[in-house]
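Undergrad: First the structure, which I've put down as structure tokens, then a few questions once you've had a look.
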Amino acid sequence: MAVTGRPIRIFRRGVRRYRVLDRLSFDRYEVTLNGDETYTADLTTRIGGVELSAPIYIGDMSFGALSGVPNVVVAEVADELNLVAGIGEGGLHPEVGRHRRIFIQWASARFGIDIDVLMRGLGIVIKIGQGAKPGIGGHLPGSKVTKLISTVRRIPVGVDALSPAPHHDIYSIEDLKQRIDALKEATGKPVLVKIAATNYTPYIVVGIARMGADGVIIDGHGAGTGAAPQVVKDNVGIPIELAVASADRMLRREGLRDGFTVIASGRVSSADDAAKVIALGADAVALGTSVLISMGCVMARTCHTGNCPAGITSKLTEGSVLVDHELAKRGALNYLRAFQVELGLIVDKLGLGSVRELVGRRDLLRGSCIGGELAKILDVDDECDADPPPLKAGGSVWTPDYSIYASQLAKKGDVVITSMGSTGPPEVEPPKRLIDWLRLDGAQVTKPSIDPYREDIDTSVYLAGGRLTMSSPIIIRPPREWGAEQLERAKFVAHLMDIAIDLYGLPNPTGRHASRVMWDRPLRGMAALVTNPSYLGGKLTPETDAPVYVRLPPLKDPISHVKQYLNLVSGIIIDDELGGETDLEVSLVNADLGLRRLGVRYRVDVVAHMSALRSSGDVVKLAALGADAVEVSSILSKAIVPGGFEDKLINIVNGLKREVAQLLGAAGVYTYYSTVVGNRELLRALDPRVKELLRVKVAGEW
């Protein structure tokens, strides 16, 4: 489309079997187009009183994240096609400022924003959140903050631009109203609010409407970004289709839908996607990544480094590759014109006179094996003539992306930053585990997120009634191939980092650092003695010196196997390396609930070992399902290669801890131990079958 400017097809069947939007259709056969078709439908749309030729908002990409030429191209294209474009949170590029059809973004750091800049656009967007990183602020690496970027953003050269996670003058919906009113009073322009799609999106959107905003941009999971923590990008937020449908339904229920604009953003790249989210309740769609691709982006995903082979996101230094202005503009114009033709043809084929008549027409959509709960949320009929996709597709969790993630964690010992949209499960990467169907919450407006770069987040854990304290919920589980020297070094790292090490199935070369060692043989001053149920029958007494833990395989009812010994033990370790009769996640939830029913949950710990654990996102999800602490093993085998063993192990532990803090902050959580453990309300499932297994609400559920 970018090359020819001609439409290609409409009513395309979904290509990703695990993506909900791809399992929705208009119950029409796919139509391959000749490229010379025309449409009669009226595509004009209004956003906050601003008329557009089509329901397209070219979405908020900042100067800094982009290299300047693409920013100018976006503004020019918006002018020529009578659309609108958001400038992002990087301030106003001088050339972009010459164009009128732009919306100025008012984000938490307010880089380069003053009243003169606010007056330059047709409207204002208060950015509360974005789909690629709900609950955290924008991030422009210091390597990309060159002199021109420094001037526009009004920040020092070479310093990371880290926007605060929350607006520090917006901690409630009432605060948001004050900002909306103040911006309207100062500028006389329409004000939209941009949020990420998260657990409480319908309530947040209703609040935004009640507070007098002209509309909302809902940015779904998978949206693009110039830089974001990989674990936040892959694990936080929900798909745009579920967020839009639930928000639209609640707005209508509250009588707030008329005159209030809903813009859907995040993984919307085709006219078919656009038509479906409009039918689910959006007035318009935001396009970002697809526009960059039309300019020449090759998805190298090096945006955060500034080394973009296409020159789209290059840092502005001598010798950098920069995209050709005319080439980029021609591609973007071609793509957007063809996009409009395809959308117009879809509206025609549906028998409607205008795209405005398509808004909220969920009755035109059909689901394909999406399940009753999702069908209810989307308010569509569901048809299923075959088995739904399996919950676990099989295969290794160590995709190229996560192999790189593990090596970066071992190299840097810090939060791993990547760019572009999420490639994680289940929408892109097929799910391998039940936790791949879970998403964490991101805090916005109704509760503030917490900024781990500026505020302390407590990740500490207290096991065995406080006898074993740890600085984070991470327990080292050494791979079987580690030798005596590596085990000794790993014990030292556990001691240094104030965590524990489980030597299951391994020798303990010396008695050093015993206070951090969990082992199956008694050791003076050890952290914990770990045994199995058969050993408990009369062989242990309450006077056993060290805390005692029982190792179990994943069982459907694990507590029934140790119930008679609960007064003798400090906790259980559910270990999927032992086999078992169910998924570890299911056993973990049942253990947590079983102990709560017995009234002993707060004195009996639950530790989980998932052999396929690959990131801090997995750690926090397992904690929310019920784990007090989590043993990590496979990431150690993946990331620690010969050379610098001790430093790499320290880096992995430190990096995981920092990422756990990042995820907690995004969810608005100050303390891990008192808030996260067993708090399944922090989670949402993307499939109703997972809801039944793990007792977690479905994304979009009120």
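What follows is calculated from the coordinates using simple rules that are stated; it is not laboratory data. Computed from a predicted model, the values in this text were never measured in an experiment. Cβ: placed from backbone, ideal geometry, glycine included. Neighbour counts: every protein chain shown.
Undergrad: Would you mind getting me the FRET efficiency between Leu322 and Ser407? Use the beta-carbon distance for r and R0 = 30 Å, nearest 0.05.
TA: On the way: r = 30 Å, r/R0 = 1.01.
Efficiency for this residue pair is about 0.50.
Undergrad: Here is a follow-up. To the nearest Å, what is the center-to-center distance of region 310-359 and region 127-181, using C-alpha atoms only?
TA: Cα centroid to Cα centroid, the span is 27 Å.
Undergrad: Moving to a separate point now. With the Cα gyration tensor of region 286-428 giving a ≥ b ≥ c as the square roots of its eigenvalues, does the rule (a/c under 1.5 for rounded; else a/b larger than b/c for prolate; else oblate) give rounded, prolate or oblate? Kindly include the intermediate steps, with their values, before the conclusion.
TA: Numbers: a/c = 3.29, a/b = 1.27, b/c = 2.60.
Note, shape of region 286-428 comes out oblate.
Undergrad: Can you compute the charge dipole magnitude of region 459-659 about its Cα centre, using +1 on each Lys and Arg Cβ and -1 on each Asp and Glu Cβ, nothing else charged? Give it in debye, rounded to the nearest 20. Walk me through the numbers on the way to the answer.
TA: Working: 23 positive and 23 negative charges, 73 e Å.
The calculated dipole for region 459-659 is roughly 360 debye.
Undergrad: Compare the Cα positions of Val277, Thr313, Ser150 along the charge dipole of the chain (+1 at Cβ of Lys, Arg; -1 at Cβ of Asp, Glu; about the Cα centre) and return the one farthest towards the positive end.
TA: So the residue furthest toward the plus end is Ser150.
Undergrad: Between Tyr565 and Val298, what FRET efficiency follows from the Cβ-Cβ distance if R0 is 60 Å, with the result rounded to 0.05?
TA: Efficiency, rounded to the nearest 0.05: 0.50.
Undergrad: If you stretched the chain out fully between Glu646 and Trp702, how much longer would it get, using 0.36 nm times the residue separation minus the C-alpha to C-alpha distance?
TA: Numbers: separation 56, 0.36 × 56 = 20.16 nm, distance 4.75 nm.
Full extension from Glu646 to Trp702 adds 15.4 nm.
Undergrad: Any idea how far apart Arg597 and Arg16 come out in nm if each label point goes 7 Å out from Cα toward Cβ?
TA: Roughly 3.8 nm, to one decimal.
Undergrad: For Ala85, what residues show an amide H to amide H distance below 5 Å, using hydrogens built from the backbone and excluding near sequence neighbours?
TA: It is Ile58, Ile102, Phe103, by chain and number.
Undergrad: Something else about it: For region 38-360, what's the relative contact order in percent, using C-alpha pairs closer than 8 Å and at least 6 residues apart?
TA: It comes to 21 percent, rounded to a whole number.
Undergrad: If you don't mind, there's one more thing I want to ask. Which value, in debye to the nearest 20, describes the size of the charge dipole of region 253-336 about its Cα centre when Lys and Arg Cβ atoms bear +1, Asp and Glu Cβ atoms bear -1, and nothing else is charged?
TA: Using only the charged Cβ atoms, the result is roughly 160 debye.
Undergrad: Place a point 7 Å from the Cα of Ser637 along the Cα-to-Cβ direction; which residues of region 389-410 have their backbone N under 13 Å from it?
TA: Correct set: 396-398.
Undergrad: Let me ask you something else. For Ser471, what is the net charge nearby, where nearby means another residue's Cβ is under 15 Å from its Cβ and Lys, Arg count +1, Asp, Glu -1?
TA: Details: positive: Arg516, Lys657, Arg658; negative: Asp456, Asp458, Asp498, Asp628, Glu659.
For residues surrounding Ser471, the net value is -2.
Undergrad: Pop the C-beta distance of Thr32 and Asp381 into the FRET formula with R0 = 22 Å and round what comes out to the nearest 0.05. Present the calculation step by step, with values, prior to reporting the outcome.
TA: On the way: r = 27 Å, r/R0 = 1.21.
That pair, Thr32 with Asp381, gives E of 0.25.
Undergrad: May I ask you to sort Lys648, Lys147, Lys447 by Cβ crowding, counting other Cβ atoms within 10 Å and putting the fewest first?
TA: Details: Lys648 20, Lys147 11, Lys447 16.
Lowest count first: Lys147, Lys447, Lys648.
Undergrad: Cα gyration tensor of region 351-421, axes a ≥ b ≥ c as square roots of the eigenvalues: rounded (a/c below 1.5), prolate (a/b > b/c) or oblate? Each step should come with its number before you reach the end.
TA: Working: a/c = 4.04, a/b = 1.94, b/c = 2.09.
It comes out oblate by the Cα gyration axes.
Undergrad: Related question: Over region 459-659, what is the mean sequence separation of C-alpha contacts under 8 Å (at least six apart), divided by residue count, expressed as relative contact order in percent? Intermediate results must be reported in sequence, preceding the final value.
TA: On the way: 380 pairs, mean separation 40.2, N = 201.
Taking the mean separation of contacting Cα pairs over the length of region 459-659, I get 20 percent.
Undergrad: Let me ask another. Need one word for region 38-360: rounded, prolate or oblate. Basis is the Cα gyration tensor (sqrt eigenvalues a ≥ b ≥ c); a/c below 1.5 gives rounded, then a/b vs b/c decides.
TA: Oblate is the answer for region 38-360, as a/c is 1.5 or above yet b/c matches or exceeds a/b.
Undergrad: A further question follows. Please flag any cysteine in the chain that has no other cysteine's Cβ under 4.7 angstrom from its own Cβ.
TA: Cys297, Cys303, Cys308 - these cysteines have no disulfide-compatible partner (Cβ-Cβ under 4.7 Å) in the chain.
Undergrad: Between Val550 and residues 5 or more places away or on another chain, which pairs have amide H atoms under 5 Å apart, with H built 1.01 Å from N, and which residues are they?
TA: Residues meeting the amide H criterion: Thr531, Gly571, Ile572, Ile573.
Undergrad: Would you tally the net charge around Val690, using a Cβ to Cβ cut-off of less than 14 Å, leaving Val690 out, and scoring K and R as +1, D and E as -1? Provide the component values of the computation, followed by the final result.
TA: Numbers: positive: Lys392, Lys432, Arg433, Arg439, Lys621, Arg680, Arg684, Arg689, Lys691, Arg695, Lys697; negative: Glu373, Asp436, Asp583, Glu585, Asp687, Glu692, Glu701.
So the surrounding residues net to +4.
Undergrad: Another one. Full-extension gain between Arg467 and Met119, please, as 0.36 nm times their residue separation minus the C-alpha to C-alpha distance. Can you show the working numbers first?
TA: Numbers: separation 348, 0.36 × 348 = 125.28 nm, distance 6.03 nm.
The Arg467-Met119 span can extend by a further 119.3 nm.
Undergrad: What distance in nm separates the simple spin-label points at Arg253 and Arg512, each placed 7 Å from Cα in the Cβ direction?
TA: My value for the distance between the label points is 6.2 nm.
Undergrad: Check which residues have an amide H placed less than 5 Å from Asp160's amide H, if you skip close sequence neighbours.
TA: Here Gly142 satisfy the definition.
Undergrad: So how far, in whole Å, is the C-alpha centre of region 588-664 from the one of region 17-84?
TA: 42 Å
Undergrad: Among Thr38, Val216, Ala132, whose Cα lies farthest out toward the positive end of the dipole of region 38-360, if unit charges sit on the beta carbon of Lys, Arg (+1) and Asp, Glu (-1)?
TA: Ala132
Undergrad: Just from its helices, what would the mean residue ellipticity at 222 nm be for the chain, if runs of 4 or more DSSP H residues each count -39500 (n - 2.57) and the sum is divided by every residue, rounded to the nearest 500 deg cm²/dmol?
TA: Numbers: 20 runs with 215 residues, N = 702.
For the chain, the value works out to -9000 deg cm²/dmol.
Undergrad: Relative to the Cα centre, what is the charge dipole magnitude of region 580-660, using +1 at the beta carbon of each Lys and Arg, -1 at the beta carbon of each Asp and Glu, and rounding to the nearest 20 debye? Provide the component values of the computation, followed by the final result.
TA: Values: 10 positive and 11 negative charges, 45 e Å.
Using only the charged Cβ atoms, the result is roughly 220 debye.
Undergrad: If you average the C-alpha positions of region 405-469 and of region 231-248 separately, how far apart do those two centres end up, in angstrom?
TA: Using only Cα atoms to place each centre, the spacing works out to 16 Å.
Undergrad: Using alpha-carbon pairs under 8 Å, 6+ residues apart, how would you state the relative contact order of the chain in percent?
TA: Numbers: 1689 pairs, mean separation 103.6, N = 702.
Reported relative contact order: 15 percent.
Undergrad: Also: What fraction of the DSSP beta bridges in the chain is antiparallel, stated in percent and rounded to the nearest 5?
TA: Just about 20 percent of them are antiparallel.
Undergrad: Counting only other residues whose beta carbon sits under 13 Å from that of Ala406, what net charge do I get with K and R as +1, D and E as -1?
TA: Combined, the nearby Lys, Arg, Asp and Glu give +2.
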